[in-house]
1. Considering only strands (runs of 3 or more DSSP E) fully contained in region 1-60, which possess at least 3 residues that are open to solvent by 10 Å² or more (accessible area, probe 1.4 Å)?
2. Picking from Ser147, Ser115, which residue would you name as being hydroxyl-bearing (Ser, Thr, Tyr) and open to solvent by less than 10 Å² (accessible area, probe 1.4 Å)?
3. With (1) under 26 Å from Tyr84 (Cβ atoms); (2) open to solvent by less than 20 Å² (accessible area, probe 1.4 Å); (3) of a type outside the set (A, V, I, L, M) as the list, and Ser576 as the residue in question, which single condition is left unmet?
4. Against the condition open to solvent by less than 20 Å² (accessible area, probe 1.4 Å), basic (Lys, Arg) and modelled with pLDDT of 80 or more, how does Arg257 come out, does it pass?
5. State yes or no: is Asp608 over 30 Å from Thr50 (Cα atoms) and among the charged types (D, E, K, R)?
6. I'd like to check something: does region 164-172 contain any residue that is out of contact with any Pro (no Cβ under 7 Å at 6 or more places or on another chain), farther than 19 Å from Leu129 by Cβ and in contact (Cβ under 8 Å) with a residue 40 or more places away in the chain?
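The values are calculated or read from the model by the stated rules, or taken from the named source; none is laboratory data. For clarity, every value in this text was computed on a predicted model and none was experimentally measured. Reconstructed Cβ throughout: ideal geometry from the backbone, glycine too, with neighbour counts over all protein chains shown. Side chains are part of the model used for accessible areas, which takes the heavy atoms of the whole protein and leaves out ligands, DNA and RNA. Shrake-Rupley method; radii C 1.70, N 1.55, O 1.52, S 1.80 Å.
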Amino acid sequence: MASILRIANLCKTYYISNTIKQDVLKGVNLELGKGELVALLGESGCGKSTLLNIIGGLDTDYTGSVIIRGKFIRDYTEKQMDDYRKKQVGLIFQNYNLISHMSLRENIEIAMKMSDINPDEMKKRALELLELVGLKEHADKYPNQLSGGQKQRVAIARSLANNPEIILADEPTGALDKEASAQVHKILSEIAAMGKLVIIVTHSKAVANMCTRVIKLDDGIVVSDEMKKRPKKEYQKYKEVETKSIKTKDITKLSFRNIIASKGRNILVSIGIAIGIAALILILALSRGITNYVKDYYGADGKSTIISTEYDKNATIGSSKITTIKEISGVKNVTKSTNISAVTATYNDETYDMAKVYEYNSINAPTLLYGSYASSAEIIIDLDFAETLTNDQAIAAIGITLTLIYDGISYDFKVSGLYDDSSSTTGYITSEYMDYYSTNTTCLYVEVKDITYLDSVKEELESLGFNATELNEEASTVLDYIDLGTTVLTAVSLIAMVVSAIMIIIVMYISVIERTQEIGILRSIGARKKDILKMFITEASLLGTIGGALGLGLAYLIAIVTNIVSVIAADAYFISYNPLYYILGLLVSVLVSTLAGIAPSYKASKLDPVEALRYE
């Protein structure tokens with residue numbers, strides 16, 4: 001008999017507490033070889049399953065020796081132990097331990113995905129193994145569509161996936177009827193006849209009688225070892241497969257399937273992520289859009305390139321002063337402005353006082369509410385004055401004729417538009433007609449070449465005795481408030497992302513609990529801790545990707561609707577379509593989700609395979 005497995009003085013103790021212990025195996029010595037169909041017989045609690053777990057590399061906490069082809073497996077590194085389970089042993093369990101969201105073929109292929117078998121060969125071999133156990137026609141079915149006997153046959157096929165030398169079956173017929181049990185035993189006998197060592201844990205003497213060797217355990221020791229039939233001496237040489245980690249694409253597929261399997265709660269999590277990401281994108285885009293609007297309205301960087309200049313109490317500015325101002329370094333243009341005070345207006349034989357009438361030009365013009373700007377013998381008037389003229393029907397003032405009288409000079413003006421102003425100004429007329437009333441310049445608008453000259457020109461003007469004020473200086477304040485609001489709202493959206501991260505952590509921990517047995521199955525067929533870690537982190541990343549993508553779509557939809565409204569209301573886009581914000585939003589979503597998944601993923605990778613397989 002060609003020896004494969006030697007067990008020497010194997011002992012196993014469970015510690016119930018610091019002071020209470022239970023000896024399960026008490027010095028087991030065995031030598032097993034190719035072609036044997038071995039029954040480990042004994043009553044419950046005698047140590048059969050514990051011995052099987054130790055041989056299978058699932059339990060490494062023992063004393064004594066387990067030697068596979070001259071190598072002590074207790075000396076294996078963690079990676080070597082994973083490889084051992086992957087290529088040298090195949091495990092069959094009483095409760096089948098098939099992965100429910102995989103087809104029968106995929107349940108077999110998953111073991112081969114950790115080896116160097118190429119995809120085409122993998123599919124071919126999976127179908128051959130299903131044919132071996134009589135289930136090839138059911139390859140695309142799922143475990144819940146099979147009977148107990150069929151599930152166990154799939155489990156046998158999976159145990160053979162990487163052509164292991166040892167097959168370990170823990171009560172493989174315990175949950176089956178007589179007919180299904182006979183089928184399973186027949187298949188295991190055929191596998192042993194191929195030259196593999198098959199060890200069956202059972203408490204059934206009937207099952208044991210069908211094996212070639214029966215080893216009976218009682219209270220942790222071997223009490224009998226009966227060889228019923230000696231195996232052949234020569235078998236085909238055993239060929240090991242090369243091992244590797246599960247490919248990223250296969251891990252991604254597993255993770256995505258689990259997300260689909262738990263789609264109800266994962267949809268809720270994705271919506272939570274989407275809201276946070278959409279809020280972040282919209283806050284940044286809205287800030288940029290309004291900032292651009294302010295800059296377009298007031299000038300680059302929200303600063304005007306125009307300075308309003310006048311003497312105290314609106315004293316007249318002479319031509320020599322105007323010439324001096326034009327010669328200041330950085331001055332691009334100077335525009336004169338004149339106003340007249342205490343103007344009398346008549347309409348429908350009624351006389352009204354107008355506090356002040358300004359000269360209208362391209363620089364000095366209010367924002368119209370109704371109508372159009374003045375041209376020739378036209379005037380735009382303040383909304384309050386219009387209501388006074390028309391008994392609170394302001395819009396009716398457009399088109400009426402006012403006679404303006406100042407310093408004995410009168411002209412008729414047609415009202416062309418209305419504006420709203422909280423100052424004492426009540427009207428604007430063109431430069432042409434202002435010259436008829438007065439040529440005394442009381443205000444200048446000094447335009448600088450660019451904003452870098454603003455401060456120096458203002459200083460020069462003030463040194464000449466002028467009050468110099470940057471036109472629309474409030475724009476800078478508006479931008480400051482926009483920046484502050486953006487910071488605050490971004491912080492709020494990030495808090496929403498933190499809440500989403502907490503949701504992901506909770507969902508991932510639930511997923512770990514629900515998939516504990518699946519983790520045990522994967523570890524038992526050779527999956528490494530890093531494979532499990534990678535699988536759950538990938539699941540968290542996928543949740544972030546899905547939620548982020550939904551957030552991008554939501555943000556884009558809201559941006560479209562908002563911009564339609566803003567164009568109608570203000571003839572401007574308030575939300576910026578900046579692709580970088582959408583890329584940033586997706587990256588934040590994936591990053592936050594991935595970080596949130598680290599702790600649950602780490603816990604999953606640290607689960608003990610034996611305990612995980614027992615989890616219900």
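1. Result: 3-15, 21-33.
2. Ser115
3. (1)
4. For Arg257, the condition - open to solvent by less than 20 Å² (accessible area, probe 1.4 Å), basic (Lys, Arg) and modelled with pLDDT of 80 or more - is not met.
5. For Asp608, the condition - over 30 Å from Thr50 (Cα atoms) and among the charged types (D, E, K, R) - is not met.
6. There is at least one residue in region 164-172 that is out of contact with any Pro (no Cβ under 7 Å at 6 or more places or on another chain), farther than 19 Å from Leu129 by Cβ and in contact (Cβ under 8 Å) with a residue 40 or more places away in the chain.
Yes/no matrix, rows are residues, columns are (1) aliphatic (A, V, I, L, M); (2) under 19 Å from the mean Cα position of the chain (by Cα); (3) surrounded by fewer than 19 Cβ atoms within 10 Å (Cβ to Cβ):
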| position | (1), (2), (3) |
| --- | --- |
| Ile564 | yes, no, yes |
| Tyr581 | no, yes, no |
| Leu591 | yes, yes, yes |
| Leu595 | yes, yes, yes |
| Pro600 | no, yes, no |
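Each row is one residue, and each column tells you yes or no for (1) out of contact with any helix residue (DSSP H, G or I) (no Cβ under 8 Å at 6 or more places or on another chain); (2) open to solvent by less than 10 Å² (accessible area, probe 1.4 Å); (3) over 30 Å from Asn563 (Cα atoms).
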{"residue": "Ser181", "(1), (2), (3)": "no, no, yes"}
{"residue": "Ala193", "(1), (2), (3)": "yes, no, yes"}
{"residue": "Asp219", "(1), (2), (3)": "yes, no, yes"}
{"residue": "Glu226", "(1), (2), (3)": "yes, no, yes"}
{"residue": "Lys244", "(1), (2), (3)": "yes, no, yes"}
{"residue": "Thr252", "(1), (2), (3)": "no, no, yes"}
{"residue": "Gly276", "(1), (2), (3)": "no, yes, no"}
{"residue": "Ala279", "(1), (2), (3)": "no, no, no"}
